[in-house]
Amino acid sequence: MSTRDCVYEHIIWYKTRNDGNSPTMQELCIACGIKSKSTISFHLKNLEKAGKIRRKKGRIYVTDGRWGIERWSSSLPQQLRR
């Protein structure tokens, strides 16, 4: 898994388990084994350019809807689960 994928997957994991709240830069660093917040910022900018996330006032929004589907996946029929 690439670092960018790690950042993206951790955002989804975190939002799913924390009522939609966004992880901090420090939490992303720890989760992905990165020492520099600027590296996380670089990956967040690339994820934003790719259209996977949107950032506003320190919050991260997942724009492809994945975290919402995973959050409620236990109540979805099997064929709709990811």
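The values are calculated or read from the model by the stated rules, or taken from the named source; none is laboratory data. What you see is a predicted model, and the numbers here were worked out from it, not measured in a lab. Using ideal geometry, Cβ is built from the backbone for each residue, glycine included, and neighbour counts are taken over all protein chains shown.
Looking at the stretch 15-25, which of its residues are charged (D, E, K, R) and touching a residue at least 12 places away in the same chain (Cβ under 8 Å)?
Selection gives 15 alone.
Within the stretch 44-61, track down each residue that is closer than 10 Å to residue 4 by Cβ, among the aliphatic types (A, V, I, L, M) and in contact (Cβ under 8 Å) with a residue 24 or more places away in the chain.
If the condition is that a residue be closer than 10 Å to residue 4 by Cβ, among the aliphatic types (A, V, I, L, M) and in contact (Cβ under 8 Å) with a residue 24 or more places away in the chain, then 44, 47 are the ones that fit.
If you go through the stretch 5-15 one residue at a time, do you hit one that is modelled with pLDDT under 95 and in a loop (DSSP other than H, G, I, E, B)?
no
Just the residues that are within 14 Å of residue 63 (Cα to Cα), assigned to a loop (DSSP other than H, G, I, E, B) and touching a helix residue (DSSP H, G or I) at 6+ places or on another chain (Cβ under 8 Å), please, taken from the stretch 23-53.
52
Just to be sure I understand, how many residues within the stretch 26-43 are surrounded by 17 or more Cβ atoms within 10 Å (Cβ to Cβ) and either touching a residue at least 12 places away in the same chain (Cβ under 8 Å) or under 23 Å from residue 64 (Cβ atoms) (or both)?
6
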